[in-house]
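So the structure is just underneath, and the comments pick up after that.
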Amino acid sequence: MGSQKSYALPRENRAGLSVECRPSRVFSGLIEKFWFSDKDCPNIKTFEILPDGNFDLVFILNDSCGTLLFAGPYTRMAAIPIFSGKEYFGVRFRTGKMPMLADIQPAELVDTVIELPKMLGMSIDSLSECLISARGIDAKRAFIELIFQKAGIELLVRRILCNRCTELIELCKGRIKVHDVACHVGTSMRTLERTFLRDLGISPKMFIRLVRFQNTVEKLKNGRYPTLTNVAYNCGYADQSHFIKDFQELAGRLPSAA
């Protein structure tokens, strides 16, 4: 682990920068989407990463080699560079789902990205060569899914307790308390805390905040609510001041500037 490097990672999709596709049905419970940005895309110099509870796998590809990055949940906003002349191919896993792709603990990935020299026994050189030769996002998706299927990745993420909790929190869009989650799944607060830290690297309280924040961002983008008070109420905040404080802590800006 000592030889691995940390990076800041472009994650937020922007119009014109990348194309996306959904996973096949067998991986729909694990993978949210694949995305691909080729070297001829517009030269956008930075990305903004908004806090979320997702893990991401990203390949940065040159003509003959590549770099493989594994990113964990972000609990704060980050602005990072993206480099022209390179292809980016990414796998975004579903919120709260982390497959065991390498000997890395989830807590090591929170708010950072780690470079992997290999994945599931394949070197980055071999992986990059195959991805470079696979033209287009559909061919790249098929290659990665084949590797995952051979390794039984869809079976390695069945952390039953954690999955039940994250699915409940997502269903409630973050409008639920940690105590109520524990009661719903029939476990103690202490066990719930330990499970989240072990499987996701963040506490259940933080995960709830991130899911609620992402739901709030979507509502602000849609512009369906006339005032911030309406947004705060519909997203489960105690009041407008609580909403503004929480949003500013996570996004580094006021909701009116989102």
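The values are calculated or read from the model by the stated rules, or taken from the named source; none is laboratory data. None of the values given here were measured: they were computed from a predicted structure. Glycine gets a Cβ as well: all are built from the backbone with ideal geometry, and neighbour counts include every protein chain shown.
If you go through the range 51-110 one residue at a time, how many are within 27 Å of ARG164 (Cβ to Cβ) and among the acidic types (Asp, Glu)?
Total satisfying the criteria: 4.
Table: residues versus (1) surrounded by 17 or more Cβ atoms within 10 Å (Cβ to Cβ); (2) assigned to a helix (DSSP H, G or I).
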site	(1), (2)
LEU131	yes, yes
GLY174	yes, no
ALA182	yes, yes
ARG194	no, yes
MET206	yes, yes
LYS221	no, yes
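When you scan the range 50-118 for strands (runs of 3 or more DSSP E) that lie fully inside it, which ones turn up with 1 or more residues that are of a type in the set (Lys, Arg) and either at pLDDT below 90 or surrounded by fewer than 16 Cβ atoms within 10 Å (Cβ to Cβ) (or both)?
Qualifying strands (runs of 3 or more DSSP E): none found.
Go through (1) outside any loop (DSSP other than H, G, I, E, B); (2) within 19 Å of the chain's Cα centre (by Cα); (3) closer than 23 Å to LEU116 by Cα; (4) not β-branched (Val, Ile, Thr) one by one and return the number of the condition GLN149 breaks.
With (1) outside any loop (DSSP other than H, G, I, E, B); (2) within 19 Å of the chain's Cα centre (by Cα); (3) closer than 23 Å to LEU116 by Cα; (4) not β-branched (Val, Ile, Thr) applied to GLN149, the lone miss is (2).
Can you find even one residue in the range 228-245 that is surrounded by 13 or more Cβ atoms within 10 Å (Cβ to Cβ), closer than 27 Å to MET119 by Cα, in contact with a helix residue (DSSP H, G or I) (Cβ under 6 Å, 6 or more places away or on another chain) and not basic (Lys, Arg)?
There is no residue in the range 228-245 that is surrounded by 13 or more Cβ atoms within 10 Å (Cβ to Cβ), closer than 27 Å to MET119 by Cα, in contact with a helix residue (DSSP H, G or I) (Cβ under 6 Å, 6 or more places away or on another chain) and not basic (Lys, Arg).
Just to be sure I understand, how many residues within the range 226-248 are in contact (Cβ under 8 Å) with a residue 24 or more places away in the chain and in a helix (DSSP H, G or I)?
5
Please verify whether the range 142-151 includes one or more residues that are acidic (Asp, Glu), in the same structural domain as SER37 (by TED's automatic domain parsing) and at pLDDT 95 or above.
Let us first name the residues in the range 142-151 that are acidic (Asp, Glu), namely 145.
From what is left, the residues that are in the same structural domain as SER37 (by TED's automatic domain parsing) are 145.
From what is left, the residues that are at pLDDT 95 or above are 145.
Yes, the conditions are met somewhere in the range 142-151.
Of the residues in the range 93-108, how many are in contact with a strand residue (DSSP E or B) (Cβ under 8 Å, 6 or more places away or on another chain), over 19 Å from ILE169 (Cα atoms) and of a type outside the set (A, V, I, L, M)?
Looking only at that region, the number is 2.
Quick one: SER188 ticks every box in (1) in contact (Cβ under 8 Å) with a residue 24 or more places away in the chain; (2) loosely packed, with under 13 Cβ neighbours inside 10 Å bar one, so which box is it?
(1)
Can you tell me which of (1) at pLDDT 95 or above; (2) of a type in the set (S, T, N, Q); (3) in the same structural domain as LYS118 (by TED's automatic domain parsing) is the one THR187 doesn't meet?
Result: THR187 passes all but (3).
List, please: which pairs have Cβ atoms under 7 Å, are six or more places apart or on different chains, and start with a residue in the range 191-206 that is hydrophobic (A, V, I, L, M, F, W, C) and end with one that is surrounded by fewer than 16 Cβ atoms within 10 Å (Cβ to Cβ) and in a helix (DSSP H, G or I)?
Once the first residue is hydrophobic (A, V, I, L, M, F, W, C) and sits in the range 191-206, its partners that are surrounded by fewer than 16 Cβ atoms within 10 Å (Cβ to Cβ) and in a helix (DSSP H, G or I) give LEU197/ALA107.
Cβ-Cβ distance below 7 Å, separation of 6 or more or different chains: which pairs start in the range 84-105 with a residue that is within 25 Å of ILE202 (Cβ to Cβ) and end on one that is basic (Lys, Arg)?
Listed by first residue and then by second, the contacts come to ARG92/LYS33.
Only one of (1) touching a helix residue (DSSP H, G or I) at 6+ places or on another chain (Cβ under 9 Å); (2) in contact (Cβ under 8 Å) with a residue 40 or more places away in the chain; (3) of a type in the set (A, V, I, L, M, F, W, C); (4) part of a helix (DSSP H, G or I) is not met by ILE137, so which one is it?
Of (1) touching a helix residue (DSSP H, G or I) at 6+ places or on another chain (Cβ under 9 Å); (2) in contact (Cβ under 8 Å) with a residue 40 or more places away in the chain; (3) of a type in the set (A, V, I, L, M, F, W, C); (4) part of a helix (DSSP H, G or I), only one is false for ILE137: (1).
Evaluate the following for VAL231: is it touching a Lys or Arg at 6+ places or on another chain (Cβ under 7 Å), over 29 Å from LEU109 (Cβ atoms) and among the hydrophobic types (A, V, I, L, M, F, W, C)? Give the derivation first.
On the way: touching a Lys or Arg at 6+ places or on another chain (Cβ under 7 Å): yes; over 29 Å from LEU109 (Cβ atoms): yes; among the hydrophobic types (A, V, I, L, M, F, W, C): yes.
Here the answer is yes, as VAL231 does meet what is asked.
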